[in-house]
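The structure under discussion appears below in the form of structure tokens.
Please treat every number below as a calculation from the coordinates, not as lab data. This structure is a prediction, so every number in the text was calculated from the model and none was measured. Quick reminder, even Gly has a Cβ in these numbers, built from the backbone with ideal geometry, and neighbours come from all protein chains shown.
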Amino acid sequence: MKDWSAEQVARAAGAELLREGQGGPARVVIDSRAIAPGDLFVAIPGERVDGGRFAADALRAGAWGVLATPRWARSLDGGAVLAADDPVAALGALARGWRRALGARVIAVTGSVGKTSTKDLIAALVAPQRTVAASRANFNTEIGLPLELLAAPAGTEVLVLELAMRGFGQIAELTGICEPDVAVITNIGPVHLEQVGSLEGVARAKAELLVGMRDGGVAVVPAGEERLVPYLRAELQVVTFGLGGDVRFAEEGSPVVLAGDERITLELPFESRHNRTNTLAAVAAARAVGVRPEGRVDVAFGALRGERVVLARGATVVNDCYNANPLSMRAALDDLATQEPAGRRVAVLGDMLELGSEEAAHHRAIGAYAGEAGVDVLIAVGPRSAAMLESYAAGEAHAVPDAEAAAALADTVVAGGDLVLVKGSRGVGLEVVAEALAGERAGAGG
């Protein structure tokens with residue numbers, strides 16, 4: 001936005017311009033501690049601290065300007081000053097204005113599981129043929145998504161954005177900001193049930209992406225997901241992926257993707273079933289913006305998403321503790337079952353949060369599934385996960401209250417040759433377990 005005037009910035013944001021600035025901002029930030037000369041500081045009112053308190057400091061630090069509520073904006077001197085009653089809404093409007101100015105094709109990704117990995121895969125498939133920008137992990141909310149959109153440089157041809165939700169209305173809000181050309185829904189599963197009540201509620205919340213996108217846009221959805229059918233209006237181009245879908249693998253384990261009349265051969269750096277499915281969604285999205293992927297797929301997934309660490313004692317830890325719900329737990333256990341470790345299969349599974357009144361049943365179901373997946377040792381972490389032990393009878397079982405206790409127990413239980421899955425909802429903090437085990441790697445010697 002360097003080429004924009006302060007008046008253009010204010011108009012796009014729907015803000016009142018109280019003071020002119022020189023040229024346009026280099027970037028947009030919401031953390032006054034990260035201010036660099038030329039930045040626009042958007043002062044977000046928080047539950048504990050109002051960002052407006054730091055507006056003057058931002059200008060003194062060299063900010064191009066400040067966007068704040070009138071309470072703070074009217075007392076500021078120096079730099080461009082913009083006033084808006086709702087700075088978060090103004091941030092979203094500014095991002096929408098920049099999205100339109102970019103003229104990039106926008107791919108928006110949501111779903112119960114796998115949206116971040118799918119977003120990363122789409123970017124990897126598109127990058128060899130187009131200038132692409134993709135949002136970082138966690139920048140998928142009403143604040144994070146606009147920041148990522150505004151960070152996309154001029155000349156970006158394809159923008160891949162992740163959309164998250166905690167309840168109804170949030171995906172609709174994000175869709176209105178990013179105005180996607182392609183909408184990808186990875187799956188519908190039991191997440192956020194405390195907020196949306198049922199799987200039908202999950203589908204309704206995720207389908208806000210389909211409802212809000214323009215006529216003629218491309219909807220990429222899982223084959224056979226009946227809960228999404230009511231939202232697939234005739235004005236959308238619908239592409240299904242997965243078994244029986246428009247985009248599918250030629251056969252189980254095959255590197256060949258069938259997409260319409262095309263046969264696309266990919267070299268994938270993973271074998272996990274869920275990421276192969278995510279790859280199909282990514283291929284469909286790439287084709288929707290005119291990219292025909294082929295060959296090696298260079299993708300690096302984010303931290304805590306299936307990272308593998310070999311320990312000095314000879315065990316291998318699969319660190320997949322970024323988040324968890326019944327769908328992703330099953331996928332991780334499926335992958336565990338397909339591997340043949342020299343030792344045992346060990347699963348350190350934490351509480352799955354926000355599952356509502358059926359949370360005990362969901363945890364019991366995962367305990368049974370772990371047994372079916374060939375787990376030899378199950379360590380259940382947290383008060384909810386204790387219910388897993390009620391249905392797990394395949395081997396050694398332990399229940400511990402928290403991640404610290406799990407780390408101490410795992411250190412004594414895990415032996416050479418074991419394959420150890422560590423997975424739980426983010427709030428459980430199971431990275432403590434993975435980090436404690438992995439710590440021996442750095443200290444190993446002699």
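Figures for the structure shown
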quantity	calculated
Relative contact order for segment 55-143, counting Cα pairs under 8 Å that sit 6 or more residues apart, in percent	19 percent
Total charge dipole magnitude, segment 307-441, about the Cα centre, Cβ charges on Lys, Arg, Asp, Glu only, Debye to nearest 20	160 debye
Interchain or long-range residues, amide H under 5 Å from LEU421's placed H	VAL318, VAL346, ALA347, VAL348
Nearest 10 degrees, 0 to 90: helix 87-102 Cα axis against the chain principal axis	90 degrees
Selected from ALA312, ALA12, ALA219 as most flexible by GNM, with the chain as the system and alpha-carbon contacts under 10 Å	ALA312
In degrees, nearest ten, helix 326-338 long axis to first principal axis of the chain (Cα)	50 degrees
Over the chain, relative contact order from alpha-carbon pairs under 8 Å, at least 6 apart, %	11 percent
VAL184 long-range amide H proximity, modeled H, under 5 Å	ALA108, VAL109, THR110, VAL220
Most mobile listed residue (ALA361, ALA370, ALA406) in the chain, GNM with C-alpha springs under 10 Å	ALA361
Computed [θ] at 222 nm, helices only, for the chain once each DSSP H run of length n ≥ 4 contributes -39500 (n - 2.57)	-9500 deg cm²/dmol
For GLY189, distant residues with modelled amide H under 5 Å away	SER112
Normalised contact order of segment 6-85, rounded percent, pairs of Cα under 8 Å and 6 or more residues apart	32 percent
Charged-residue dipole, Cβ positions (Lys, Arg, Asp, Glu), the chain about Cα centre, Debye nearest 20	880 debye
Dipole-positive endmost among GLY111, GLY144, ALA55 within segment 31-162 (Cβ charges, Cα centre)	GLY111
Candidate lysines - alpha carbon under 17 Å from LYS119, same-chain residues fewer than 8 apart omitted	LYS206
Antiparallel DSSP beta bridges within segment 103-296, percent to nearest 5	25 percent
Between helix 273-288 and the chain: long-axis angle, C-alpha atoms, 0 to 90°, nearest 10	30 degrees
Sparse-neighbourhood loop sites, trypsin sites (Lys or Arg not before Pro) in segment 11-58 - DSSP loop, at most 15 other Cβ within 10 angstrom	ARG48
Alpha-carbon gyration tensor eigenvalues x 5, square-rooted, for the chain, Å	40, 27, 21
